[in-house]
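Step one of this worksheet: look at the structure below.
The values are calculated or read from the model by the stated rules, or taken from the named source; none is laboratory data. Please read these numbers as outputs of a predicted model, since none were measured by experiment. Cβ atoms come from the backbone with ideal geometry, glycine included; neighbour counts cover every protein chain shown. These area figures cover heavy atoms from the full protein model, side chains too; ligands, DNA and RNA do not enter into them. Shrake-Rupley method; radii C 1.70, N 1.55, O 1.52, S 1.80 Å.
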Amino acid sequence: LPYAPYVPDLSAVTVSRVGKNLTTAKEVYNGAYKYLETVVDGRNCIRFTSGTTLKNTPITFEPNTQYTASFYAKSENFNGATSDNNGATFFYSDGTRSHVKVGRDSTDWALYTLTSGRGKTVTHIGVYTQEYRAHVYLDTDTFQLEIGAVATDYEPYSAQTATPSADGTVDGI
């Protein structure tokens, strides 16, 4: 067994437990300067504008582990946009990309799923947008990032933090 130093009092240690949804959409896109929190069609959303490129590390990603992000999103053209390629590309640092493409004049929400590559290590997740005459809306209340290669039913992000007693026991966790 590897060496582990003796710790006589664990009360200075913090223990965290999260469910299958590892973070929130806001944590993923925290720090971006080209997004707006808004409500569209009764949904809490983040709106990305053109020219946005963002990469963020909302969690500590485990090595050689697949992650799946899922969320509802839509894109809307304006000011005469005619391209069917409007939208945003969501990506993992391992090179996996998923284009959120909604055709011209579409107002439908769609579920998007993006799974990182098998056998690769993710360091961050991000987004970039390309069309200056389109807005991309991501429904923040449906965003889920989980370990695994398959999107499962949505579960809101939840985290519990506790401090162990001196003997190492933790109530509730």
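Taking the numbered list (1) among the charged types (D, E, K, R); (2) part of a loop (DSSP other than H, G, I, E, B); (3) at pLDDT below 70 in turn, Arg17 passes all entries but (2).
The condition (being modelled with pLDDT under 65, among the basic types (Lys, Arg) and loosely packed, with under 15 Cβ neighbours inside 10 Å) is satisfied by just one residue among Arg97, Arg104: Arg104.
Would you call Thr121 among the polar types (S, T, N, Q), modelled with pLDDT of 70 or more, open to solvent by 30 Å² or more (accessible area, probe 1.4 Å) and more than 18 Å from Val40 (Cβ to Cβ)? Taking the combined requirement at face value, the residue satisfies it. Answer yes or no as to whether Thr68 is outside any loop (DSSP other than H, G, I, E, B), touching a strand residue (DSSP E or B) at 6+ places or on another chain (Cβ under 6 Å) and at pLDDT below 75. Here the answer is no, as Thr68 does not meet what is asked. Only residues that are modelled with pLDDT of 75 or more and open to solvent by less than 10 Å² (accessible area, probe 1.4 Å) were counted in the stretch 71-90, giving 5.
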